[in-house]
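The values are calculated or read from the model by the stated rules, or taken from the named source; none is laboratory data. Since this is a predicted model, take the numbers as computed values, not measurements. Quick reminder, even Gly has a Cβ in these numbers, built from the backbone with ideal geometry, and neighbours come from all protein chains shown.
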């Protein structure tokens, strides 16, 4: 029997290795079965928002963090807390406010006196970040120094206090919420921290039928309680099975072309050396100040692996890359003032990328040669 304290230990157990299914079909069936069980329990509480739920689960299966952006009243907090309950993991909610300090998140050292000996010593008191699932509620309401307190935890899965490193438990997810319409008393997340989020998920208003069901459920005495369906061991196993999904080089190169096309200040040296003109996207040239970095390429491929296995595929295709392009890229593109003046959003730029960047990677010269051969 597994140690029940394993996932809450300060040491932070190492990630398991060589966890494999007997064959690809079994691996796909296992992950899809886990996904279906989670969706069934979440639907007991959350009505609709299928795309948002899928993207959050993709993020969890990829061992990544997610930022959920939406106006108040769309059940962002309820959705995340419900997912935590269905996973059966330790859950912690941090309500971000302007007076929140970094030590309120990470923890602090206190002086403790041994009454029998009179000896005083420093003891570290863990903060709310020492949990498996962290809900960072209204993360843009606290100053940058407190926002940055999550950076080390998100990237290194550890917290350093007083020069001592404290390991965080596995699995570990930061699921943050943000209100896009309020500007007073808010602090935009720094780009370095935004890049640590695998997905930027937008949540919109429900459909009329869904809103009717929401009102019906929330104004009655009935209260749905989701049951935990996955343990910490199950989550780690699913994460490893997702990473074992194969992705061919041509699929990875398609992800690279999408990301590299966003870098307006860096010409495509490979295309120039081949005597071809790099693909130029007008929306990128006119509206993008800074493009996405290599972490975007990694996130595209990893998220596409999870998307592929949930779709019942044994390998990744360019379509799976396209399916996850928007949540992966929308927070990694920095638009200029022209975009703000013309009302252009990052999703508009990503749409232009998906329309113009070829999946097969053939340049104009190569296409001309292939056309001559086919004739």
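Reported count of residues in the stretch 60-89, each being touching a strand residue (DSSP E or B) at 6+ places or on another chain (Cβ under 7 Å) and either in a loop (DSSP other than H, G, I, E, B) or not assigned by TED's automatic domain parsing to the domain that holds residue 155 (or both), is 4.
Does residue 37 count as at pLDDT 80 or above, in the same structural domain as residue 174 (by TED's automatic domain parsing) and farther than 28 Å from residue 160 by Cα? Taking the combined requirement at face value, the residue satisfies it. Checking 353, 333, 300 one by one, the residue that is surrounded by 13 or more Cβ atoms within 10 Å (Cβ to Cβ), under 22 Å from residue 64 (Cβ atoms) and modelled with pLDDT of 90 or more is 300 and no other. All of 159, 129, 174 fail the test of being under 14 Å from the mean Cα position of the chain (by Cα) and at pLDDT 80 or above, apart from 174.
Check the stretch 111-124 and report whether any residue there is surrounded by 13 or more Cβ atoms within 10 Å (Cβ to Cβ) and touching a helix residue (DSSP H, G or I) at 6+ places or on another chain (Cβ under 6 Å). No, the stretch 111-124 contains no residue that is surrounded by 13 or more Cβ atoms within 10 Å (Cβ to Cβ) and touching a helix residue (DSSP H, G or I) at 6+ places or on another chain (Cβ under 6 Å). Any residue in the stretch 82-104 that is over 28 Å from residue 167 (Cα atoms), crowded, with 17+ Cβ neighbours inside 10 Å, touching a helix residue (DSSP H, G or I) at 6+ places or on another chain (Cβ under 6 Å) and modelled with pLDDT of 80 or more? No - not one qualifying residue is present in the stretch 82-104.
Being outside any strand (DSSP E or B), under 31 Å from the mean Cα position of the chain (by Cα) and at positive phi is the filter here; which residues of the stretch 93-123 pass it? None; the set is empty.
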